[in-house]
Amino acid sequence: MEERNITKIPVRHELPRLSKVGVYCRVSTNQSEQLRSMSAQASHLTRTVLHSRGWILIDIYLDFHTGLNDNRPELQRLLKDCRSGNVDTILTKSVSRFGRNTAETIRLIRELNAI
C-alpha cells in the first residue's frame, strides 16, 4: 500500500472587523412636525445600519431643543463614546443635523479625526 504525505493547513478563523456605529439625530423644536422628523430620521438610519454588512449599532443619540446656548447632551454623549472607542462611525441624516454651522461642524470633524 502506498503511503501518502498529508500536509495540514491551519484554518484562520478571523472575524471581519465590525464598524461600531452611533446614529445621531437632531431637531430644533418639540413641535409635532419636528417630532415626526426625529422619528423618521431615527427609523431610517437604524434600518440602514441593521441592513449594512459589517456595521453594528451601538446606540442612538437624540437631541431636541438645540438653541445656541444648548450644549446638546446627546452629542456630548456620542463624542464621549467616540473618545472611549465605543463608537467609530457616526451616521446622521445630513451635515446640517450634526453641526449647527460651518465652524462648529469643522471643529467637530477635526476633533473626531484626531481620535
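For the chain, taking the reciprocal of the average inverse distance between every pair of different Cα atoms yields a Kirkwood hydrodynamic radius of 16.4 Å.
Modelled this way, with points 7 Å down the Cα-to-C-beta line, the labels at residue 106 and residue 88 are 2.9 nm from one another.
Annotation: extensible slack from residue 96 through residue 53 equals 12.8 nm (criterion: 0.36 nm per residue apart, minus Cα-Cα distance).
Charge tally for residue 23 (other residues, Cβ to Cβ under 14 Å; Lys, Arg +1; Asp, Glu -1): +1. Distance between the modelled labels on residue 46 and residue 80, one decimal in nanometres: 2.2 nm (7 Å Cα→Cβ projection). Its Cα centre serving as origin, segment 42-115 has a Cβ charge dipole (Lys and Arg +1, Asp and Glu -1) of approximately 160 debye. A crude spin-label estimate for the pair residue 2 and residue 33, with each label 7 Å from Cα along the Cβ direction, gives 8.1 nm.
Any read-out appearing in this document is the output of simple, stated calculations on the displayed coordinates, not a laboratory observation. For clarity, every value in this text was computed on a predicted model and none was experimentally measured. Every residue, glycine among them, receives a Cβ derived from its backbone with ideal geometry; neighbour counts consider all protein chains shown.
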